Amino acid sequence: MDPTDDDLDKAFMALADPARRQIIVRLSRGPATVNDLAQPFDISKQAVSKHIQVLEHAGLVTRTRDAQRRPVYLNPQRLEALTAWIDQYRLVHESQFRSLDEVLKSQSAARGKH
């Protein structure tokens, strides 16, 4: 499913914050609780919870309830959708650069013959 402009805005705004990017990195190794996620930061657990809420609103993470625990999980499908969106433009530019490389090589070869 292609992300909408609103989905992209939410995701990129969420990822603009370094703390939220670090949370994503930590969750890439597996689910974690707010306590686990707060450990490396010099901010309150409440602040970490707010970061998680932003990530959740952007669809980048999900939470479940396991008795008293509320583990946070990375949503890989959303990250894959963002990557796919980025790749479609990266591939276009790579193709253009390859074409430019071919033109420059042919011009260089032509100069070498003269």
Taking the range 54-63, which residues are without any contact (Cβ under 8 Å) to a residue 40 or more places away in the chain and either under 17 Å from Pro18 (Cβ atoms) or in contact with an Asp or Glu (Cβ under 6 Å, 6 or more places away or on another chain) (or both)?
Val61
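Scanning for something small (Gly, Ala, Ser), under 15 Å from the mean Cα position of the chain (by Cα) and assigned to a helix (DSSP H, G or I), does the range 53-74 turn up at least one residue? Give the steps one after another, and end with the answer.
Just the residues of the range 53-74 that are small (Gly, Ala, Ser), to begin with: 58-59, 67.
Then keep just the ones that are under 15 Å from the mean Cα position of the chain (by Cα); that gives 58-59.
From what's left, assigned to a helix (DSSP H, G or I): none.
No, the range 53-74 contains no residue that is small (Gly, Ala, Ser), under 15 Å from the mean Cα position of the chain (by Cα) and assigned to a helix (DSSP H, G or I).
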What single numbered condition from (1) in a helix (DSSP H, G or I); (2) at pLDDT 80 or above; (3) not β-branched (Val, Ile, Thr) fails to hold for Arg98?
(2)
Are any residues in the range 1-19 closer than 20 Å to Ala38 by Cβ and assigned to a helix (DSSP H, G or I), and if so, which ones?
Ala14, Leu15, Pro18, Ala19
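Quick check on my filter: what residues within the range 20-44 are part of a helix (DSSP H, G or I), more than 12 Å from Arg70 (Cβ to Cβ) and of a type outside the set (Gly, Ala, Ser)?
Within the range 20-44, Arg20, Arg21, Gln22, Ile23, Ile24, Val25, Arg26, Leu27 meet the criteria.
The values are calculated or read from the model by the stated rules, or taken from the named source; none is laboratory data. On a predicted model such as this, the values are computed, not experimentally measured, just so you know. All Cβ positions, even for glycine, are placed from backbone atoms using ideal geometry, and neighbour counts span all protein chains on display.
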